[in-house]
Amino acid sequence: MNIPIFFDSPWALWLLPLAFLPLVLDRAFTQRYSWVAMLPKDRLSDLIGILLKVLAVLALLFIVLGLASPHSQQQSIERIGVGAQIALVLDRSASMDDPFSGGDTNGKVAETKSVAASRLITQFVKSRQNDMFGMITFSNSAMYVLPLTENREAILAAVQATAGNALFQTNIGSGITSGAGLFDKVPDSGSRAMILLSDGGGRIDADTQQKIRDWLDRLHIGLYWIVLRQPGGLSIFDTSYVPPEDAVLPPQIELNEFFKTLTSPFHAYEADDPKSLAAAIADINQKEKKPIRYHEQIPGYDFSQACFLLAALMIGLLLGVKYLEVRTWD
Amino acid sequence: MHNEIKEFSYHISWRSRGRHSGSHASTQRGMGMEFRGHTTLLSYPDPRRIDIRQTIRDPLEQVYVRIFNQKSATPVFAIADLSGSMNFGSKQSKVALTSKIASAIAMSATHNSDPFGFIGFDDVVREDWLCTQSFRSHQALELTSALKNFEPDQVGSAGLNDVIRFLPRERSLIFLISDFHMPMNELEDSLSLLMQHHVVPVVLWDSSEYKNLPEFGITSVTDCESGEKRTLFLRKDMRANIVASFEARRAEIEALFMKFDIAPFFVEGDFDADALTEYFHQFVAA
């Protein structure tokens with residue numbers, strides 16, 4: 001392991017030669033002795049003599065090093081994980097606070113769609129430890145919540161934060177483009193997906209459609225659309241539906257048709273109760289299991305504390321010796 | 001004035017050749033008590049000494065006189081080591097002790113009507129610590145008492161080799177005061193130069209040099225002469241080693257002096273004049 005060390009205040013290193021003063025200067029407090037040659041050689045004494053000098057040098061050395069505040073550089077380590085870069089694009093429109101269409105058959109008030117969504121997505125996020133998640137919510141326009149990150153806590157907190165008051169509009173185009181924007185300038189791990197969770201659809205103008213098509217293609221993003229069906233609403237898979245004469249197609253069917261024309265992978269799910277939502281998410285979980293490469297940032301470590309601690313230790317040892325020192329010769 | 005100086009008595013085992021009358025057996029003819037023989041009045045014209053008995057007994061009828069040896073003075077020198085190591089000492093420095101001993105020698109010599117001289121040396125013979133032999137001891141006593149407050153520098157003791165050039169040709173009694181903390185071969189060389197004199201080595205050792213070391217602890221010591229530094233971790237076996245080393249050194253010094261047929265006189269702590277008197281009774285034939 002060879003960590004490059006950097007110094008915050010390298011000028012302090014000019015003081016390093018001072019650390020070797022103890023080798024040059026003699027101890028101030030010494031006893032006079034008539035004939036040192038008469039004293040028998042004693043290895044332990046010589047060792048202690050050398051040790052004292054070394055301790056003094058080390059103490060000064062560590063103080064000077066500590067003053068220069070050394071630290072290792074922030075590092076990024078490439079890791080290989082199983083998982084994907086996933087952008088969660090969640091609908092925050094007020095209709096999300098309604099119960100599921102299929103859930104109220106037993107007469108009890110069921111879980112609202114947004115609560116079920118955040119619960120299931122929390123599970124989903126927890127089950128995929130190596131994924132990077134980003135998050136966008138949208139109602140009348142997109143809200144940038146979280147860039148693509150590996151930080152579990154941030155993601156979970158963001159998912160929890162989706163509950164709350166909302167507006168009655170569904171600007172799905174803005175949500176998708178913002179979601180695609182998350183992947184811009186992020187290294188491609190090889191497995192990218194956008195999970196679009198909405199109830200119903202919204203209309204997307206031609207410009208935005210073109211933009212979505214381009215971006216999803218260029219950034220290699222697979223799109224998973226989970227539609228939470230309105231009570232009594234249309235199913236997007238209902239092929240038998242024929243619109244009335246002179247009327248446009250309902251927005252979700254139109255959107256589905258548009259998504260089918262994308263050059264990038266697309267898969268649509270429809271959920272009308274928490275169970276089917278869980279099934280949809282489990283399916284996505286299955287599909288997005290390609291190995292990915294990503295870089296993990298490891299912050300630099302500050303060594304100055306350790307330096308000062310070591311210096312304090314050396315000085316403590318020297319003080320101990322001082323305590324053992326003979327002050328009176330007789 | 002010099003009441004505090006304690007004297008000792010000494011004698012020499014050889015005949016002095018000094019003409020000046022003193023108290024030692026001498027080869028000098030003169031007004032002594034020691035009968036030496038007869039000679040004719042013509043060769044020793046001193047009519048006071050005519051030996052009538054011998055004159056009558058001589059068939060050739062010559063007149064005989066008795067001749068006697070006088071008692072002569074013999075020079076006494078104190079040669080003091082003023083090297084750095086003499087600065088050491090717990091209660092008093094070895095130099096202060098030297099001053100005491102030299103003063104005692106000066107007083108004793110004067111009262112024994114012997115001339116006294118003082119020579120101090122470190123790496124060279126110190127001309128400022130030099131006092132030529134004299135029957136009047138005032139100057140020497142002044143010098144030896146000034147020695148009390150002298151603090152030697154960081155110098156060695158190589159000047160011992162040159163001391164012989166400051167000594168008279170006639171055989172003298174020399175007190176060589178030093179701690180003899182010098183290499184053995186140098187000491188042997190210097191001693192062999194001094195052998196025409198009667199040398200009494202006075203060995204000054206301080207008990208705090210080896211016996212009264214601190215019990216336990218770490219200390220750094222500086223050599224008084226070379227300035228060499230060592231760190232000592234004093235503990236039981238280290239102290240035992242130091243004492244053993246000094247005892248070995250004592251045996252070595254004794255062996256060297258006995259090779260020159262002289263016994264060393266060890267002074268440890270304070271100077272005891274009576275012990276020196278005892279030394280002369282024990283080791284010097286009267």
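Points worth noting:
- Some residue of region B:244-260 being touching a Leu at 6+ places or on another chain (Cβ under 8 Å) and acidic (Asp, Glu): no
- Evaluation of residue B:34 against (1) surrounded by 15 or more Cβ atoms within 10 Å (Cβ to Cβ); (2) touching a strand residue (DSSP E or B) at 6+ places or on another chain (Cβ under 6 Å); (3) outside the structural domain of residue B:152 (by TED's automatic domain parsing) (one fails), failing number: (1)
- Only one entry in B:213, B:234 is in contact with a strand residue (DSSP E or B) (Cβ under 7 Å, 6 or more places away or on another chain) and over 18 Å from residue B:89 (Cα atoms), namely B:234.
- Candidate set: region B:149-181, residues that are touching a helix residue (DSSP H, G or I) at 6+ places or on another chain (Cβ under 7 Å) and in a strand (DSSP E or B); chosen: the one farthest from the other protein chains (Cβ to nearest Cβ): B:174
- Applying the criterion of at least 2 residues that are surrounded by fewer than 17 Cβ atoms within 10 Å (Cβ to Cβ), touching a strand residue (DSSP E or B) at 6+ places or on another chain (Cβ under 8 Å) and not assigned by TED's automatic domain parsing to the domain that holds residue A:89 to the strands (runs of 3 or more DSSP E) found wholly in region A:119-215 leaves an empty list.
- Test: residue in region B:114-128 that is outside any strand (DSSP E or B), in contact (Cβ under 8 Å) with a residue 60 or more places away in the chain and buried (at least 20 other Cβ atoms within 10 Å of the Cβ): yes
- Every residue from region B:182-221 that is touching a Lys or Arg at 6+ places or on another chain (Cβ under 7 Å), outside any strand (DSSP E or B) and either at pLDDT 90 or above or at positive phi (or both): B:196, B:197
- Residues that are more than 17 Å from the chain's Cα centre (by Cα) and not aliphatic (A, V, I, L, M) within region B:123-134 comprise B:123, B:126, B:127, B:128, listed in sequence order.
- Listed by first and then second residue, the pairs with beta-carbon distance under 6 Å, at least 6 apart or on different chains, first residue in region B:46-68 and within 14 Å of residue B:29 (Cα to Cα), second part of a helix (DSSP H, G or I) and not hydroxyl-bearing (Ser, Thr, Tyr), are B:65/B:49; B:66/B:49.
- The residues of region B:204-221 that are crowded, with 20+ Cβ neighbours inside 10 Å and more than 7 Å from chain A (Cβ to nearest Cβ), listed by number, are B:204, B:205, B:206, B:210, B:213.
- Residues of region A:254-286 classified as in a helix (DSSP H, G or I), over 30 Å from the mean Cα position of the chain (by Cα) and exposed (fewer than 15 other Cβ atoms within 10 Å of the Cβ), total: 2
- Any chance residue A:28 is modelled with pLDDT under 85, under 30 Å from residue B:93 (Cβ atoms) and more than 9 Å from chain B (Cβ to nearest Cβ): yes
- Test: residue B:95 is buried (at least 20 other Cβ atoms within 10 Å of the Cβ) and outside the structural domain of residue B:210 (by TED's automatic domain parsing): no
- Some residue of region A:12-24 being surrounded by 11 or more Cβ atoms within 10 Å (Cβ to Cβ), at the interface with chain B (Cβ under 7 Å from one of its Cβ atoms) and over 16 Å from residue B:223 (Cβ atoms): no
- For region A:10-38, a tally of residues being assigned to a helix (DSSP H, G or I) and more than 55 Å from the chain's Cα centre (by Cα) returns 3.
- Listed by first and then second residue, the pairs with beta-carbon distance under 7 Å, at least 6 apart or on different chains, first residue in region A:39-56 and part of a helix (DSSP H, G or I), second of a type in the set (Val, Ile, Thr), are A:45/B:231; A:48/B:218; A:48/B:231; A:49/B:231; A:52/A:321; A:52/B:231.
- Among the residues examined, residue B:35 qualifies as assigned to a strand (DSSP E or B), closer than 22 Å to residue B:72 by Cα and touching a residue at least 24 places away in the same chain (Cβ under 8 Å).
- Comparison of A:7, A:29 shows that the only residue that is more than 30 Å from residue B:239 (Cβ to Cβ) and touching a residue at least 40 places away in the same chain (Cβ under 8 Å) is A:7.
- Scanning region B:129-164 for residues that are farther than 30 Å from residue B:21 by Cβ and aliphatic (A, V, I, L, M) yields B:146, B:147, B:155, B:158, B:160.
- Number of positions in region B:231-251 that are in a helix (DSSP H, G or I), without any contact (Cβ under 8 Å) to a residue 24 or more places away in the chain and at the interface with another protein chain (Cβ under 8 Å from one of its Cβ atoms): 4
- Between B:5, B:12, the distinction of being among the hydrophobic types (A, V, I, L, M, F, W, C), more than 25 Å from residue B:164 (Cα to Cα) and outside the structural domain of residue B:150 (by TED's automatic domain parsing) belongs to B:5 only.
- Residue identified as within 14 Å of the chain's Cα centre (by Cα) and crowded, with 17+ Cβ neighbours inside 10 Å among B:101, B:67: B:101
- Contact map, region A:60-77: first residue on the phi > 0 side of the Ramachandran plot and in the same structural domain as residue A:305 (by TED's automatic domain parsing), second residue surrounded by fewer than 20 Cβ atoms within 10 Å (Cβ to Cβ) and not acidic (Asp, Glu), Cβ cut-off under 7 Å, separation 6 or more or different chains; pairs are A:69/A:7; A:69/A:9; A:69/A:304.
- Scanning region A:37-53 for residues that are facing another protein chain (nearest Cβ under 7 Å) and more than 14 Å from residue B:238 (Cα to Cα) turns up A:49, A:52.
The values are calculated or read from the model by the stated rules, or taken from the named source; none is laboratory data. Model, not experiment: these values are computed from the prediction. Every residue, glycine among them, receives a Cβ derived from its backbone with ideal geometry; neighbour counts consider all protein chains shown.
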